[in-house]
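The values are calculated or read from the model by the stated rules, or taken from the named source; none is laboratory data. In this text the structure is predicted, and so the values were computed from the model without any measurement. When we count neighbours, we look across all protein chains shown, and the Cβ atoms used for this are built from the backbone with ideal geometry, even at glycine. Side chains are part of the model used for accessible areas, which takes the heavy atoms of the whole protein and leaves out ligands, DNA and RNA. Shrake-Rupley method; radii C 1.70, N 1.55, O 1.52, S 1.80 Å.
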Amino acid sequence: MASPASTNPAHDHFETFVQAQLCQDVLSSFQGLCRALGVESGGGLSQYHKIKAQLNYWSAKSLWAKLDKRASQPVYQQGQACTNTKCLVVGAGPCGLRAAVELALLGARVVLVEKRIKFSRHNVLHLWPFTIHDLRALGAKKFYGRFCTGTLDHISIRQLQLLLLKVALLLGVEIHWGVKFTGLQPPPRKGDGWRAQLQPNPPAQLASYEFDVLISAAGGKFVPEGFTIREMRGKLAIGITANFVNGRTVEETQVPEISGVARIYNQKFFQSLLKATGIDLENIVYYKDETHYFVMTAKKQCLLRLGVLRQDLSETDQLLGKANVVPEALQRFARAAADFATHGKLGKLEFAQDARGRPDVAAFDFTSMMRAESSARVQEKHGARLLLGLVGDCLVEPFWPLGTGVARGFLAAFDAAWMVKRWAEGAGPLEVLAERESLYQLLSQTSPENMHRNVAQYGLDPATRYPNLNLRAVTPNQVQDLYDMMDKEHAQRKSDEPDSRKTTTGSAGTEELLHWCQEQTAGFPGVHVTDFSSSWADGLALCALVHHLQPGLLEPSELQGMGALEATTWALRVAEHELGITPVLSAQAVMAGSDPLGLIAYLSHFHSAFKNTSHSSGLVSQPSGTPSAILFLGKLQRSLQRTRAKVDEETPSTEEPPVSEPSMSPNTPELSEHQEAGAEELCELCGKHLYILERFCVDGHFFHRSCFCCHTCEATLWPGGYGQHPGDGHFYCLQHLPQEDQKEADNNGSLESQELPTPGDSNMQPDPSSPPVTRVSPVPSPSQPARRLIRLSSLERLRLSSLNIIPDSGAEPPPKPPRSCSDLARESLKSSFVGWGVPVQAPQVPEAIEKGDDEEEEEEEEEEEEEPLPPLEPELEQTLLTLAKNPGAMTKYPTWRRTLMRRAKEEEMKRFCKAQALQNSRRNSGWISCYGSFRRRTA
């Protein structure tokens, strides 16, 4: 019986298509297959069904079964979910092709453009379990028989692109090669759609193609206009990739792969590599696929020493640029490292060729990763909406040591296809963007461990992949900036709609605020408000506003002769202390007019607090509602601070009171050096630039909220709960504010204080050389303030606990060192001869037990003195000398020797424990005596 391939020419084309290993061969064989079957390529799912109906022999049926099983999932709705959606995919990388396959399964018309004409990337990708299962479900084993055989979990980029390209062609994706996408062409008039700007000479059909969705997968170097890219950079790490020709010999197949060797886990290997070749690496990986693929992290100093880098440049782009890298030295470096890692079993290592015919070896900085701040946008013009999405490296560049590139790229492709499905279902643009951004937040956190374990259930629906899914993590209000309205008429009509959420920062609100300021400052001499910059530079307008709201603070005649800086500073302080309005910019910024938005934000507080007030007799009545409460609390807080300051000044005390707030006199403004330098707003503590949202104003000075903290405990300081020490100028919380007596005690190095009594007898005469100590009387007198409770910080408690306070004036003697092991062994040796003619000595009974408590300390001191060893008998001493002169004698009696050493160690441990217990008892008795003396004096 003849084979099916010999009776049907289409079978030959199909087999050639399946086995093709070059991009051009895949395209030509597929075109031949379509011609043989009379099917037009790029026709969507209808093309797939036509090919499947005519190719029904056994070799093709296995592939159709896998694709039909995937397409039968409910989420695709039998290919009818996106039938009226037109998509353009830019880039034929693995992620772009995977997104095109999903869009085709949804029933959308998909056109893909790729600027290259062949696949030439040999680098090998690590695959997660779900990617392996996903590719097998698409027929990967049919197109590439060695796909993930055995324990292999990787595949080269070129092979992955080839098998995804074949699946995309079968599903009806229209692919154009050698076409470069350069930008978008908005619809010129109403009724037209969005088009692409393509180069060099796109076909007429492609140039006129109008689409609703654009999926960009063109890599990190090309991102559509409108997206913001942020660079994430770590410490410099130079990666080197090299691909060598795989001859597939028996010797090469027996060389084991290296899934990853790091220096911290195998230092011996890297030290041997450095000693043998002079190459200093941090890690190395070896995968075997179409090529022998090596990737390693090299140290910069090693590359400079071996001549791979010509110069040590500070800029990474220049350091690893073509002009600074020696290709021959880089090839020698990679070949030597690969040969050492495989023990020379790969034979002669020959570099594979890249797309330009050069050796496939490169050095790059993998610590610089680009990440898009948003994953999708919507643009609208003349009523035509365009949904833009990012996948692949232009969304997030992978960190190659983690092996997350293709896995997270596939997840992003699934999320983008789900977004297109929601778009086709008629969901609102903001709702679609909010869901996509919610999924984007999960992407960087994904790993094989925190995703669903059952990889067979993975599909287009995000709930099948993410266990902790919240599609409302980002709300539609948070993604309004991702919706670009390019239609001026529509945008104007939208802005005219009433919206209660508008603030005074909008155009209409700004005009209202300006009109209100003009009304409040009308009639004040020399003030004419026309804008939010130059009209406020001399400070008179701000003074006029404050005077109108609080007339009793300053008369216009007092401003004569006052400079602009003084007037502005005074107005800001009065508004803060009397009206409760905290400034958000410095006086210099107001004068320079460099921050009109900041001035608008500041004046809007006045407007919101006083816009509904009524004026009578030139006085402002108290506003009602929440602003009234805020102003009342602000004024109450300042009043309490001034009251405390007056009480501290009137009360005589030996302590320095906390520094009160400076006077608000306009003639003596306190300005820091940073403020005098110019109009740029800098933090008083760190000297760095300040932004509106992080400003914190204290007495006319501005700080970062994180900088304005206690100098001791680093707790954030709040108004009314801090003080500034006049000596060091630092800010402290009230608990840790240094007092004058503490400062003198620290300077003199004395351990005594006003609150801690001197231990010992109260009749003890003071040392004439020591400074006099003021005794605190238990009964307060009129000339002496009442006793104040001292709150000790953790640092002060630690210092107090470290003080060695004892009842006697003499210093405690250091603990006696234990006897040496030789002396103890000598005693043990002596006791072992008891019964062999050596007299037995009666044990000494401690006399301290019979003594009273008054003599206990004296007895303990006597016990501490070193007692001389009793003299030995002449016969015993002669025996010991004989044993000492003959070292081998002890080895004849191993049991006796072990017994002597054990007794010596036991005796040494007993003496150590006795000395430690004695020292602890002395310390405890000292603290008890000190506490008793303190209680007697304070009773």
Exercise. Please state the Cα pair-distance histogram of region 191-258 with 5 angstrom bins from zero: what percent is in each bin?
Worked result: 3, 9, 12, 13, 11, 8, 8, 11, 11, 9, 4, 1, 0, 0
Problem set entry | Relative contact order [Cα under 8 Å, 6+ residues apart], region 509-607, whole percent | 30 percent
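Using packing as a proxy for protection, rank 67-74, 291-298 so that the peptide with the highest average count of other Cβ atoms within 10 Å comes first.
Ranking, from highest mean packing down: 291-298, 67-74.
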Seminar exercise, completed: Computed D for region 390-452, Stokes-Einstein, Kirkwood radius over alpha-carbon pairs, 20 °C, 1.002 mPa s, to the nearest µm² per second, is 172 µm²/s
For this session: Report HIS126's accessible area, 1.4 Å probe, all protein chains in place, as a number in Å² to the nearest 10.
Result: 60 Å²
Exercise. Convex hull volume of the Cα atoms in region 509-607, per residue, in Å³?
Worked result: 83 Å³
Problem set entry | Cβ crowding within 10 Å averaged over residues, with 582-588, 25-31 ranked highest first | 582-588, 25-31
For this session: State the extension gain, in nm to one decimal, for the chain segment bounded by GLN331 and ASN450, taking 0.36 nm per residue of separation less the distance between their alpha-carbons.
Result: 38.8 nm
Exercise. In square angstrom, rounded to the nearest 10, how much accessible surface does ASP484 have for a 1.4 Å probe?
Worked result: 40 Å²
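What does the charge count around PRO359 come to, taking other residues whose C-beta lies under 15 Å from its C-beta (Lys +1, Arg +1, Asp -1, Glu -1)?
+3
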Exercise. What number, in percent, do you get for the relative contact order of region 317-421 if the mean sequence gap of Cα pairs under 8 Å and at least 6 apart is divided by its residue count?
Worked result: 17 percent
For this session: Just subtract the alpha-carbon distance of ASN470 and ARG146 from 0.36 nm times their residue separation and send over the number in nm, one decimal.
Result: 112.8 nm
Exercise. Given R₀ = 51 Å, FRET efficiency for ARG898-GLN919 by Cβ-Cβ distance, to 0.05?
Worked result: 0.95
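Hand me the GluC sites (Glu not before Pro) from region 410-487 located in a DSSP loop with no more than 11 other Cβ atoms within 10 Å, in residue order please.
Answer by residue number: GLU425, GLU449.
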Exercise. Hey, with R₀ at 51 Å, roughly what FRET efficiency would ASP484 and THR277 work out to, going by the Cβ-Cβ distance, to 0.05?
Worked result: 0.40
Problem set entry | Solvent-accessible surface (1.4 angstrom probe) belonging to LYS86, in square angstrom, nearest 10 | 90 Å²
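If you roll a 1.4 Å probe over region 509-607 with all protein chains in place, what percent of the accessible area is carbon or sulfur?
Here it works out to 53 percent.
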For this session: May I ask you to give the solvent-accessible area per residue for region 443-486, in square angstrom, as obtained with a 1.4 angstrom probe?
Result: 58 Å²
Exercise. Quick one: with all protein chains in place, what share of the accessible area of region 235-366 is carbon or sulfur, to the nearest percent (1.4 Å probe)?
Worked result: 51 percent
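Could you sort out which of LYS118/LYS348; LYS69/LYS141; LYS235/LYS300; LYS275/LYS299; LYS322/LYS348 sit more than 19 Å apart by Cα distance in this structure?
From the list (LYS118/LYS348; LYS69/LYS141; LYS235/LYS300; LYS275/LYS299; LYS322/LYS348), the Cα-Cα distance tops 19 Å for LYS118/LYS348; LYS322/LYS348.
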Seminar exercise, completed: Note to self: with every protein chain in place and a 1.4 Å probe, region 235-366 gives an accessible area per residue in Å² of 53 Å²
Problem set entry | Pairwise FRET efficiency - ASN477 versus ILE258, Cβ, R0 = 35 Å, nearest 0.05 | 0.10
Seminar exercise, completed: Residue separation between THR249 and LEU206 times 0.36 nm, minus their alpha-carbon distance, gives in nm 10.8 nm
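So what's the net charge close to ALA108: Lys and Arg +1, Asp and Glu -1, counting the other residues with Cβ under 10 Å from its Cβ?
After counting each charged neighbour, the total is +1.
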Problem set entry | Distance between modelled label sites at ALA323 and HIS730, nm, 7 Å Cα→Cβ extension | 5.0 nm
